[in-house]
Each structure stands twice: as C-alpha cells, then as structure tokens.
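Please read the structure below before turning to the comments.
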Amino acid sequence: MWSGRGSARPEHRGTGLARELCEAAIGWSWDLGKPVVERVRLWVHEENLRAEAFYRALGFVATGLTLADPKNSGAVEREMALTRA
C-alpha cells in the first residue's frame, strides 16, 4: 500500500511523469498471474486536494475509510481504490 506522501517540485509538475508511473504500476499489478489483484488502494491526506484530483483522474474513488495521519493525529488520511474492470 502506497501512501503517496510528498509532493513534486514545481518544475516537475505537469510533465506527465506521475501519471506514467502510476499507470505502469497499476498495469503491472493487473498483469500479475498470482495472486490476482482485484483492487489497488492508496491513502491521501485530507488536505492534499491536488493528489486526490490526480487519483480521481486515474479512476480511483474514495472508499469512505479513514485513518489518523501517523505523523499528525489531528489529521486524517482517506483511502482511495481502483477496482479492476
């Protein structure tokens, strides 16, 4: 499970690299023989709206599950998932 923490340097934003990396990782997981991966999950910090929008554009949806941010108990991380079509 990937947390997706951190942010790109401004000069690297909009290059398409993050999309390419995520699509490659998702494609790799779908191609696994065993175990068959039916769903890819990740966690997004509640204040990281840019990341949430990015993952939504890839097809991820909020599952409704949340957990306390391990570095800040007053903050929340939200689970997002992409289910195999």
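About its Cα centre, how strong a charge dipole does the chain have in debye, to the nearest 20, once Lys and Arg get +1 and Asp and Glu get -1 at the Cβ? The partial results should precede the final answer.
Details: 12 positive and 11 negative charges, 16 e Å.
Roughly 80 debye, rounded to the nearest 20.
Take the Cα gyration tensor of the chain, multiply each eigenvalue by 5, square-root it, and list the three semi-axes largest first, rounded to whole angstrom.
Working: eigenvalues 96, 66, 23 Å².
Whole-Å semi-axes of the equivalent ellipsoid: 22, 18, 11.
If you count, for each residue, the other Cβ atoms within 10 Å and average over each peptide, how do 12-18, 56-62 line up from highest to lowest? Mind showing how you got there, number by number?
On the way: 12-18: 10.7, 56-62: 14.0.
Those peptides, ordered most packed to least, come out 56-62, 12-18.
With every protein chain kept in place and ligands, DNA and RNA left out, what is the accessible area per residue of the chain? Probe 1.4 Å, answer in Å². Show your work: numbers first, answer last.
Details: 6030 Å² over 85 residues.
Value for the chain: 71 Å² per residue.
Using a 1.4 Å probe over the heavy atoms of the protein chains, calculate the carbon and sulfur portion of the accessible area of segment 22-85 as a whole percent. The partial results should precede the final answer.
Numbers: 2330 of 4110 Å².
Carbon and sulfur atoms account for 57 percent of the accessible area of segment 22-85.
The values are calculated or read from the model by the stated rules, or taken from the named source; none is laboratory data. Here the structure is a predicted model, which is why all the values come from computation and not from measurement. Glycine also receives a Cβ, built like all others from the backbone with ideal geometry; neighbour counts cover every protein chain displayed. Quick note on the areas: whole protein, heavy atoms, side chains included, nothing else; ligands and nucleic acids left out. Shrake-Rupley method; radii C 1.70, N 1.55, O 1.52, S 1.80 Å.
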